[in-house]
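Derivation of every value follows stated rules applied to the coordinates shown; laboratory data play no part. A quick note: this is a predicted structure, and the numbers were derived from the prediction, not measured. Cβ coordinates were reconstructed from backbone atoms using ideal geometry, including for glycine residues, and neighbour counts include every protein chain displayed.
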Amino acid sequence: MPTPDTLLPPHRVDYPGYLDQDGYLALHYAAADRDRAQRALLATPLTGLGGAHFPFARKVESALATAGPRVVVCNAAEDEPGSRKDRALLLGNPHVVLEGVLIAAITLDARDVVLYVSDTAQEECDSITRAVDEVRQRFPFVAVRIVRADPRYVSGEATAAVDAINGGDGRPTGQPPFPTESGVAGLPTLVANCETLANLPRIVRAAWDERPATWTRLATVSGDVTAPGVFEIDPGTDTFNDLFARAGGLTGSGHLKAFQPGGPSTRFLPADSADIPIADTAIRAAGSQPGCLAVRVLATDTCIVEICEEITGFFSREQCGQCPPCRMKTQTYHRTLQQVLRQKGPDDLLGRLGVVDEFVADMPRKCSLIDMPTPPVESARSLFPEDFSSHTEYGTCAHAEPLISSQIGAPHHGQ
Ligand SMILES: Cc1cc2nc3c(=O)[nH]c(=O)nc-3n(C[C@H](O)[C@H](O)[C@H](O)COP(=O)(O)O)c2cc1C
Ligand code: SF4
């Protein structure tokens, strides 16, 4: 039974349904006592759920440090392979996103609110547009507009989002200045992920009830599972094994080889880590990062070299070309993985990767995409060296059936 604190109930929550479960109560609280709402946001332990996990309270603090008016951007660009949680929210519970966005607007004195939604997410865009139309009359103090994000991975980076909203070509511009200092139209701007903002109503409700907030997280499961999708999890109790069971169990060999807990840029964890809770601290302690909880599952008959080739190909295609070291590193990673896969090139092919990492380490870059190919490839090599040596020595993976098609796709919304 969904509670007001459920982010993603099984069926789309329309406006009357949202009001029935105390929807917009937290916004009324915040409108009635903005200082108290501000204190609640400045005290929350919530970290950003777009991937970087920057403390939300510090971002609010930074935005408040520059005189207003301010701008709030809800980042729902979500073109990260394997992540579909923000789309699921826009589609399944648009009013919780909107209420969160409006709470942020009230507490930050923002009159301009931008919903930054992927150009490929038409149904989701229609869903949030309908929600905006339903509440526009009731909350006239803020202008809510929708800006479509180019379907490129870098479009979702915070400064790229600001640039696109300002009419630019939507590429990262580098920090500083941070968007909280100078963002949309030069105003202090809070850029926060869609799921991050969807947490604000429950933070405010909990503050008014004088109790701790209850937390759930959205995890997108893809890869070798029967029913990929978006699942709401309790980080206090649910383990990755529980999550994989909810996703219908494993396909292929039926046995877990490894998984990436936080998206394509995170380190692979071995099968015996799947009994840890899906909690940020536990994931870090196990040696990876929670990222945006886009969890990719690999069965034992999946070739991790093929997966690494696919991941590095993605980063190489999606780097935006502004920073020569990023172009060089992502292309070197991809070319190397292609050569390993096909057993072409000199003997110590993989040695190149460490050299290029070191070479670009201190070079200027405008965003963190340049760092992204390293953790997955490094962890895959250290967990499964025999997969790599089998390819370099025999031109095939001793442990795997070849993948038929890319495992990174658009999973449906599961429960
Ligand atoms: C290449 C790249 C792509 C990104 N794409 C997204 C995205 O689609 N959605 C998102 O919320 N954050 C994305 N981010 C992270 C944003 O830069 C930013 O940290 C985030 O929107 C802030 O929200 P949060 O603190 O609530 O996570 C991306 C970062 C990089 C480097
Ligand atoms: S680091 Fe890479 S993706 Fe980021 S701005 Fe530079 S070239 Fe573009």
Quiz item: Residues with amide H under 5 Å of Val71's amide H, sequence separation 5 or more or different chain, H placed in the peptide plane at 1.01 Å from N; which?
Solution: Thr189, Leu190
Quiz prompt | Highest-MSF residue in the chain out of Ser379, Ser83, Ser155 [GNM, Cα springs under 10 Å] | solution = Ser379
Quiz item: If the chain between Thr281 and Gln343 were fully stretched, how many nm would it gain, using 0.36 nm times the residue separation less the Cα-Cα distance?
Solution: 18.4 nm
Quiz item: Where a ≥ b ≥ c are the square roots of the eigenvalues of the C-alpha gyration tensor, would you call the range 1-104 rounded, which needs a/c under 1.5, or, failing that, prolate if a/b is larger than b/c, or oblate?
Solution: oblate
Quiz item: What list of whole percents do you get for P(r) of the range 304-394, with Cα-Cα distances grouped in 5 Å bins up to the one holding the largest distance?
Solution: 2, 15, 27, 25, 17, 9, 4, 1
Quiz prompt | Relative counts (whole %) of C-alpha pair distances in the range 225-347, using bins that are 5 Å wide | solution = 2, 11, 18, 19, 18, 13, 10, 6, 2, 0
Self-check item: Positive-pole candidate from Gly23, Leu42, Thr6, dipole of the range 2-47, charges at beta carbon
Solution: Leu42
Quiz item: Among Leu64, Ala77, His53, which residue has its Cα positioned farthest towards the positive end of the charge dipole of the range 41-84, with +1 placed on the Cβ of Lys and Arg, -1 on the Cβ of Asp and Glu, and the dipole taken about the Cα centre?
Solution: Leu64
Practice problem: Please figure out what share of the DSSP beta bridges in the chain is antiparallel and state it in percent, rounded to the nearest 5. | Solution: 35
Quiz item: If you wrap the chain's Cα atoms in a convex hull and average its projection over all directions, what's the area in nm²?
Solution: 19.0
Quiz item: Stretched out fully, how many nm does the piece from Ala32 to Asp209 gain, at 0.36 nm a residue minus the Cα gap?
Solution: 62.2 nm
Quiz item: What nm distance separates the two modelled labels at Asn241 and Glu181, each placed 7 Å from Cα along Cα→Cβ?
Solution: 4.9
Exercise. For Asn193, list long-range residues whose amide hydrogen, built 1.01 Å from N in the peptide plane, is under 5 Å from its own amide hydrogen.
Key: Leu49, Gly50, Asn75
Quiz prompt | In range of the label at Gln21: residues from the range 217-243 whose backbone nitrogen is under 17 Å from the point 7 Å along Cα→Cβ | solution = 217-219, 230-235
Self-check item: Convex hull projection area averaged over all views, the range 15-209, Cα basis, nm²
Solution: 9.8
Exercise. Let me know the charge dipole size of the range 15-209 about its Cα centre in debye, to the nearest 20, where only the beta-carbon of Lys, Arg (+1) and Asp, Glu (-1) is charged.
Key: 400
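Mind giving me the FRET efficiency for His255 and Ser382? R0 is 30 Å, r the Cβ-Cβ distance, nearest 0.05 is fine.
With a Förster radius of 30 Å, E is 0.90.
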Quiz item: Using +1 on the beta carbon of Lys and Arg, -1 on that of Asp and Glu, and nothing else charged, what's the dipole of the chain about the Cα centre, debye to 20?
Solution: 820
Quiz prompt | Listed residues Glu306, Glu232, Glu386, most fluctuating in the chain (Gaussian network, C-alpha, under 10 Å) | solution = Glu386
Practice problem: Please name whichever of Leu190, Pro324, Ala227 sits farthest to the positive end of the charge dipole of the chain, dipole taken about the Cα centre and charges placed at Cβ: Lys and Arg +1, Asp and Glu -1. | Solution: Leu190
